[in-house]
Each structure stands twice: as structure tokens, then as C-alpha cells.
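**Student:** Dropping a structure here in C-alpha cells format, bear with me for questions.
The values are calculated or read from the model by the stated rules, or taken from the named source; none is laboratory data. Note that the structure is a prediction, hence the values are computed from the model and not measured. Cβ sites come from the backbone with ideal geometry, for glycine too, and all protein chains shown count toward neighbours. The accessibility values were calculated without ligands, DNA or RNA, using every heavy atom of the protein model including side chains. Shrake-Rupley method; radii C 1.70, N 1.55, O 1.52, S 1.80 Å.
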Amino acid sequence: VWIPGGGFVSGSGSVAVYDGAKLAADGIVVVTINYRVGILGFFVTPALAAEAAREHAPAGNYGLQDMLAALRWVHRNIAAFGGDPQAVTVGGQSVGAISVHDLIVSPLAAGLFERAIAESGLPDTVPTPSLAEAEKAGETFARAKGAATLAALRALPPQDLTSNASPLKGPLLLPIVDGVLLPARPEALLAAGKIADVPVLAGIDADESTGFSGPLLTSMSQAAWHALLTREFGAMAPRLARLYPAVASAGADANGSADSNGSAGAGVERARAARQLHRDLGLAELWRWSSLWLAHARSPAYAYLFDHLEPGPESSRWGVFHSSELPYVFGTLDAASARRFTPFDRELSRTMSRYWVDFVKTGNPNGPGVSHWPRMRGPDPRMMVIGRHLASRPILPARKRAALEAFIARGGRPILWW
């Protein structure tokens, strides 16, 4: 059951890259869904919350409620399509993946799925506002529309609601802690072990941030590099400065100092270091999630880093961008007609589809004809790097992990999207 992305403000299960025909040909049933987004999916006022409380229902979170309704529909009907209601995998990418993590910790989703796939989204990738915060924003919006009552708000034409939701933009058209569907923030529920203990496959793309912060930098001044380190790491900036420029210049995780000269080569190295830093902050979030998951779950979990550059005239500009793994997983490379995919791309797509299908069937991506993908274990879990070669390695090298652990321990937050 596939939950599409779209930032909780757009998206559709009918996007060509989500065509499930190739996956279905390998023996699974693929269901793509839609759900309410934007103001129709994640809007609440005090009056709406009071109405929901009287009905013992979640306040707001209509988009998540749609996902639950879809999963219940699958349980009732999927046998008619050759599916098994006791072997449901819920999967998604971007905010679809964040929704998967919400469902993993939601008591209302208990028993609705047996496996989970989360691509490029983790429990705290975006904020989860409180009900009070969402109600306040909703009330402000209703006043701006001249709707003093719930009846007046419902009487507004839909286009009036959706044409200008500016008071709600930012962090408040998102899933909220409603006390029923989400009793607390997803990461807090995960830390407390209040989870659906099911096999999970989760990972990220190597250059997630380009989809949000713009193209990869080709050069970076020393001032910009130090400003970046100071802004993100504060007093820990010197420690990070000793790690990352060495990676850029030596291509290995070795100690070193920032190149302080003004040459073009130094600027390129700093840009590469910034790219690696962005990537490692995403991996730090993956590592933090894995440490919480492994502390409570008995079911296996598998992590990946997708690090294959798609062909195309702007490949070097955008890198391994957010969502670039999707056509490989779904076997829909031909949906991107402007790209000249190579035989290697098609072979990689077959391999990734095989991993995902095996996971859907068994809760384990391993099967005949593919390289072994180890499950995550212990304090130093390993992930599969999917690129020109398939290889497992620790999520982060030891010294980087130690530095980023210290950053997190001081209250710092790793981030997946810049």
C-alpha cells in the first residue's frame, strides 16, 4: 500500500513513476492511494477539535485518517484481488515515509500492516505541532476568512479555503499531536517503545537537500564554509572543520584542516565538504532513528543509502536528489523519457525491485540472485549502499558518528532536508 509524497500539500497516487505494474509482475499486489492534503488534510480549529472530542475521534489529521481508511479497505477487500490481508506492507516516500512512521506509532493503525517501508523520511524530519498550536493557527485563518463559526467556515466555497492559506503555511499544515491518532510526537513514542513491532526497510538518497536548498554548490568561499559550520554546530564547529575538509581533499575519513587559501581548488573542496556534511547529517538522522528502533523492536530493520547518479544533462547539478530512487524501485525508468538510461541503470532497477519485492513478501529483502543485505544490529548498525556497487558499511564512520553523537547530546538536531 503506497503513500505518495508531496509535502502534505500536493501529490497523487497516479504519478507515472508509481505505476505498480512491474512490481505486480513479480508476484505482489500494489495499491496506490490518495489522501487529503493542505488545508483539507491538516487543518483544525477549537470548534473542530471539540466536535472530534465529542465523537471520540482524532482532531484534524484528516490526511492520516484517509490512510487508515485505505488500510482498512485493503483488509476488507484485497483478497478479491489475490492479496493477503494478513501480509500488508505499508510504504511511502518523503512525507509518505513520514506518514509511515506516524502509522507505526499510532494506536489506531495497530494490526493494519505487517511490514513497513520508509524512503527519505524519518519520524522527526518535519515538526509535529501540538493541537494547541494548530488550533491557534486555524482560528487565525478562520478570522481572516470572516468565518466566526464552524458553520460559516463550512459554508465557504472550497476555492476560498485553498486559494490563500498563507496564515497556515510553514509548519502547521502537517500531522499534529491530536491525542488520539498521534498521542505524542512520533519520535517520543518511538523512544518509549510504543510502536508496531514490524520489519522495516528505511533509507535516504545521497543528496536529499538539493530538492529543497537548490543545486549542488560547485565552489564555496572560506567565509561561507565557516558560516555554515558555525550556524549549524556552534561551539562544535572547529571539531567538524577538522573532519570534513579532509574528506574533501583526501577522499577518506581522515583528520585535516580547512584549506584557507583562495584558490579555485580550495573552493571546490569546501563545496564537496559541504555536500558530504549535508549527506552525513541525513545519515545521522537515520542513525538516530535506528538506535531508537533497535532499543525496542525485535523485528528486523534494514537501512540503505541510495548513491547512484541518474543520467541526464543536469545530473552533476542536482546530484542524487530527493526521490531519485523511485523509478529504480518501481521499475518505471521509462517514465523519465528525457533521460538516457544505460543497461547498468536497468540492471540496478531490477536489483532494487527485487529487494523491495522480497521485503514485501517476507519482511526480508534478501533472496536468490542479489547481494546480501545485513539487518541492522547493535550500537553500530550497517546499511546497504546502493550505487555503482552494492556494499554494506556502517551508517557513519566512527569518528564522524562520535562527533555527531556529541552534537545530538548537546541538543543539536540532525536534519535530512535543508
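**Student:** Here's a check for you: in the range 392-411, which residue that is under 22 Å from the mean Cα position of the chain (by Cα) and surrounded by fewer than 14 Cβ atoms within 10 Å (Cβ to Cβ) is nearest to Phe306 (Cα to Cα)?
**Tutor:** So the residue we want is Arg393.
**Student:** Could you check, for the range 43-54, whether at least one of its residues is surrounded by 15 or more Cβ atoms within 10 Å (Cβ to Cβ) and within 21 Å of Ala97 (Cβ to Cβ)?
**Tutor:** No, the range 43-54 contains no residue that is surrounded by 15 or more Cβ atoms within 10 Å (Cβ to Cβ) and within 21 Å of Ala97 (Cβ to Cβ).
**Student:** Of the residues in the range 279-308, how many are out of contact with any strand residue (DSSP E or B) (no Cβ under 9 Å at 6 or more places or on another chain) and of a type outside the set (Ser, Thr, Tyr)?
**Tutor:** Counting residues in the range 279-308 that are out of contact with any strand residue (DSSP E or B) (no Cβ under 9 Å at 6 or more places or on another chain) and of a type outside the set (Ser, Thr, Tyr) gives 8.
**Student:** Collect the residues in the range 338-351 that are closer than 14 Å to Gly20 by Cα and either under 21 Å from the mean Cα position of the chain (by Cα) or not in a helix (DSSP H, G or I) (or both), keeping them in residue-number order. It would help to see each step written out before you state the result.
**Tutor:** Restricting attention to the range 338-351, the residues satisfying the condition of being closer than 14 Å to Gly20 by Cα are 349-350.
Scanning the range 338-351 gives a single hit, Ser349.
**Student:** Do we find a residue being touching a residue at least 40 places away in the same chain (Cβ under 8 Å) and under 17 Å from Ser94 (Cα atoms) anywhere in the range 230-239?
**Tutor:** no
**Student:** Could you identify the single residue in Pro414, Pro379, Pro368 that is touching a residue at least 24 places away in the same chain (Cβ under 8 Å) and either of a type in the set (Phe, Trp, Tyr) or open to solvent by 70 Å² or more (accessible area, probe 1.4 Å) (or both)? Don't jump to the end; show me each part of the working.
**Tutor:** Working: Pro414 fails: either of a type in the set (Phe, Trp, Tyr) or open to solvent by 70 Å² or more (accessible area, probe 1.4 Å) (or both); Pro368 fails: touching a residue at least 24 places away in the same chain (Cβ under 8 Å).
Going through Pro414, Pro379, Pro368 in turn, the sole match is Pro379.
**Student:** Take Leu23 and decide whether it is under 23 Å from Gly179 (Cβ atoms) and part of a helix (DSSP H, G or I).
**Tutor:** Working: under 23 Å from Gly179 (Cβ atoms): no; part of a helix (DSSP H, G or I): yes.
Considered against the rule, which asks whether it is under 23 Å from Gly179 (Cβ atoms) and part of a helix (DSSP H, G or I), Leu23 comes out as no.
**Student:** Looking at (1) part of a loop (DSSP other than H, G, I, E, B); (2) in contact with a Leu (Cβ under 6 Å, 6 or more places away or on another chain), which is the one condition that is false for Val385?
**Tutor:** Result: Val385 passes all but (1).
**Student:** Going through the range 57-73 one residue at a time, which ones are touching a helix residue (DSSP H, G or I) at 6+ places or on another chain (Cβ under 9 Å) and either closer than 12 Å to Val1 by Cα or polar (S, T, N, Q) (or both)?
**Tutor:** Those that are touching a helix residue (DSSP H, G or I) at 6+ places or on another chain (Cβ under 9 Å) and either closer than 12 Å to Val1 by Cα or polar (S, T, N, Q) (or both): Asn61, Gln65, Met67, Leu68, Leu71.
**Student:** Here are some conditions: (1) under 30 Å from Asn366 (Cα atoms); (2) open to solvent by 60 Å² or more (accessible area, probe 1.4 Å); (3) hydrophobic (A, V, I, L, M, F, W, C). Ala223 meets all but one. Which one does it not meet?
**Tutor:** (1)
Residue-by-condition table, conditions (1) at pLDDT 90 or above; (2) buried (at least 21 other Cβ atoms within 10 Å of the Cβ):
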| position | (1), (2) |
| --- | --- |
| Asn255 | no, no |
| Val268 | yes, no |
| Ala271 | yes, no |
| Leu281 | yes, yes |
| Ala284 | yes, yes |
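**Student:** Now for a separate question. Give Pro58, Pro85 a once-over and let me know the one that is of a type outside the set (D, E, K, R), in a loop (DSSP other than H, G, I, E, B) and more than 19 Å from Phe359 (Cα to Cα). Walk me through it before giving the result.
**Tutor:** On the way: Pro85 fails: more than 19 Å from Phe359 (Cα to Cα).
Testing whether each residue is of a type outside the set (D, E, K, R), in a loop (DSSP other than H, G, I, E, B) and more than 19 Å from Phe359 (Cα to Cα) leaves just Pro58.
**Student:** Still on this structure: Kindly evaluate Ser299 against the criterion of being hydroxyl-bearing (Ser, Thr, Tyr), under 27 Å from Thr125 (Cα atoms) and in contact with a Pro (Cβ under 6 Å, 6 or more places away or on another chain).
**Tutor:** Yes.
**Student:** Looking at the range 144-151, is at least one residue open to solvent by 10 Å² or more (accessible area, probe 1.4 Å), among the β-branched types (Val, Ile, Thr) and closer than 27 Å to Ile33 by Cβ?
**Tutor:** no
**Student:** A follow-up question, please. Limited to the range 95-112, what total is found for residues that are surrounded by fewer than 24 Cβ atoms within 10 Å (Cβ to Cβ), in a loop (DSSP other than H, G, I, E, B) and touching a residue at least 60 places away in the same chain (Cβ under 8 Å)?
**Tutor:** Qualifying residue count for the region: 1.
**Student:** When you go through Arg298, Arg317 one by one, which is the residue that is over 30 Å from Asp358 (Cβ atoms), at pLDDT 90 or above, open to solvent by 50 Å² or more (accessible area, probe 1.4 Å) and of a type outside the set (Asp, Glu)?
**Tutor:** Only one candidate passes the filter, namely Arg317.
**Student:** So is Val88 of a type in the set (A, V, I, L, M), closer than 30 Å to Pro365 by Cα, crowded, with 22+ Cβ neighbours inside 10 Å and at pLDDT 95 or above or not?
**Tutor:** Details: of a type in the set (A, V, I, L, M): yes; closer than 30 Å to Pro365 by Cα: yes; crowded, with 22+ Cβ neighbours inside 10 Å: yes; at pLDDT 95 or above: yes.
So Val88 passes the test.
**Student:** Kindly indicate whether any position in the range 56-66 is of a type outside the set (A, V, I, L, M, F, W, C), over 24 Å from the mean Cα position of the chain (by Cα) and at pLDDT below 95.
**Tutor:** Taking the range 56-66 as the starting set, the residues that turn out to be of a type outside the set (A, V, I, L, M, F, W, C) are 56, 58, 60-63, 65-66.
Those still in the list that are over 24 Å from the mean Cα position of the chain (by Cα) too: 56.
Then drop every residue that is not at pLDDT below 95, which leaves 56.
Yes, the range 56-66 contains at least one residue that is of a type outside the set (A, V, I, L, M, F, W, C), over 24 Å from the mean Cα position of the chain (by Cα) and at pLDDT below 95.
**Student:** Here is a further query. Of the residues Ala87, Ala118, which single one is closer than 15 Å to Pro186 by Cβ and aliphatic (A, V, I, L, M)?
**Tutor:** Details: Ala87 fails: closer than 15 Å to Pro186 by Cβ.
Exactly one residue qualifies, and that residue is Ala118.
**Student:** Of Lys169, Lys194, which residue is more than 13 Å from Leu131 (Cα to Cα), open to solvent by 50 Å² or more (accessible area, probe 1.4 Å) and at pLDDT 85 or above?
**Tutor:** That would be Lys194, the only listed residue that is more than 13 Å from Leu131 (Cα to Cα), open to solvent by 50 Å² or more (accessible area, probe 1.4 Å) and at pLDDT 85 or above.
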